[in-house]
Amino acid sequence: MPQDPIRIGNAPVSYGMWSREAAKSGGAPDVLLRTMADAGYAGSELGPVGLFGDAARTAELFASCGMSMIGAYVPIRYPADDAAIEEDFAVLEQTCAVLDACGGGLVILADETEPLLDRNPAHDPADTALAFDAAQWDRCARLTKEAMAVAEGHGLPVSFHPHMCTHIESAAEIERLCDLTDVPLTLDIGHARLAGDDPVALLRTFADRINHVHIKDVRMDVLRATLDAPGTAFPMAEASVPLGAGDVDLAAFTAELGRVGYDGWLVVEQDRDPDPDADYGAIALEQGENLRVLRELLAASGH
């Protein structure tokens, strides 16, 4: 099996396992991890807490498949009431416990999506009906710092994932977050492209803050169709396509990774909706092909 110059991982979302409901579906998580390992991926993100069982079982499965635990996505409902925040922080604690059991991993914070923002993708950061106001930004910063303290109390590193259909998706909003906190960043190049930004420019601008990268390709025509139909929820899974089939300049981005000296994980994500009738074999082959494409891009750019 080839040795990757940069560690490359995958994530359960690429197989349609991204929600807390998916964690309760009782599928075959050991098969999922083995599929990733057989394709050549070195690690995986956790997916929803409980997907692989409790903390001990999760650690056992990752070890048995020879897979590294990369980290876990932990959204926070920043504008919500205190009861919701308490629930989100309870999930954060559960997630940290699982990562602890697996020997560590990155806590990837994000703003949780909500219906209004789902119907207004790539919103204008100056739109007061959709963007955080000053008080909400202060609350976001405070809660982010509190979440960082929880993770750091477990000895775990932290990152923040700007994400489509949230209050923090565009370069202007990322800059505001960086002004208010010292949280490192996850750069998801698909989300960045959809938000109207150039992933290469973001990598250059925030190179000293970026400690995690999601490699994703997307179709901009899916976004345009949503914007042309006001009130329609943005179908992220429809926009997310195999590497090389979308509108992200993957070659330019992988070349820039070398120039800025990035040496963290690259996690391939191809968002997919849960579908119990999906052809798992076809999905597995597609994820293997994504890895091949990324390896070729990295080799071509001198990695």
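Every number in this text was worked out from the coordinates using simple rules, so none of it is lab data. Computed from a predicted model, the values in this text were never measured in an experiment. Here Cβ is always computed from backbone atoms with ideal geometry, including for glycine, and neighbour counts include all displayed protein chains.
Taking a Cβ cut-off of under 11 Å around Leu243, the surrounding Lys, Arg, Asp and Glu residues balance to a net charge of -2, with basic ones at +1 and acidic ones at -1. Among 284-291, 133-140, the peptide with the highest mean count of other Cβ atoms within 10 Å heads the list, and the full ranking is 284-291, 133-140. The order of Leu297, Leu130, Leu106, going from fewest to most other C-beta atoms within 10 Å of their C-beta, is Leu130, Leu297, Leu106. For the stretch 35-137, give the magnitude of the charge dipole about the Cα centre (Cβ charges: +1 Lys/Arg, -1 Asp/Glu; no others), in debye to the nearest 20. For this selection, approximately 460 debye. Taking the Cα centre of the stretch 152-247 as origin and assigning +1 to Lys and Arg Cβ atoms and -1 to Asp and Glu Cβ atoms, the resulting dipole is close to 140 debye.
Distance between the pseudo-spin-label points of Thr128 and Arg7 (7 Å out from Cα toward the beta carbon): 4.6 nm.
Build a GNM of the chain with springs between Cα atoms under 10 Å apart, and of Pro162, Pro48, Pro125 the one that fluctuates most is Pro125.
Backbone amide hydrogens, once placed in the peptide plane, bring Val267 within less than 5 Å of Gly9, Val213, His214, Ile215, excluding anything fewer than 5 places away on its chain. Along each principal axis, taking the top coordinate minus the bottom one, the Cα set of the stretch 8-300 gives 48, 40, 39 Å in descending order.
Could you check the spin-label model distance between Asp54 and Tyr280? Points 7 Å from the Cα along Cα→Cβ, value in nm. A separation of 2.5 nm, rounded to one decimal place. Under 5 Å between amide hydrogens, built in the peptide plane, is the criterion, and for Leu109 it picks out Val74, Ser159, Phe160, His161 among residues at least 5 positions away or on other chains. 3J(HN,Hα) along the stretch 262-275, derived from phi through the Karplus expression 6.51 cos²θ - 1.76 cosθ + 1.60 where θ = phi - 60°, amounts to 5, 9, x, 6, 10, 10, 6, 10, 10, 3, 9, 6, x, 8 Hz, with x in place of Gly and Pro.
For Cys65, what is the net charge nearby, where nearby means another residue's Cβ is under 15 Å from its Cβ and Lys, Arg count +1, Asp, Glu -1?
Values: positive: Arg34, Arg57; negative: Asp30, Asp38, Glu45, Glu60.
For residues surrounding Cys65, the net value is -2.
Summed over qualifying helices (DSSP H, 4 residues or more, each -39500 (n - 2.57)) and divided by its residue number, the chain shows a 222 nm mean residue ellipticity of -13500 deg cm²/dmol. Of the residues Cys65, Cys178, the one with the fewest other Cβ atoms within 10 Å heads the list, and the complete ranking is Cys178, Cys65. A simple rule links phi to the HN-Hα coupling: the Karplus curve 6.51 cos²θ - 1.76 cosθ + 1.60 with θ = phi - 60°, which for the stretch 94-104 gives 4, 5, 4, 5, 5, 4, 4, 5, 8, x, x Hz, with x for Gly and Pro.
On full extension of the chain, what length is gained from Asp208 through Arg142, given 0.36 nm per residue of separation minus the C-alpha to C-alpha distance? Show your work: numbers first, answer last.
Values: separation 66, 0.36 × 66 = 23.76 nm, distance 2.20 nm.
My answer for the length gained is 21.6 nm.
Charge dipole of the chain (Cα centre as origin; +1 on each Lys and Arg Cβ, -1 on each Asp and Glu Cβ, all else neutral): 720 debye, rounded to the nearest 20.
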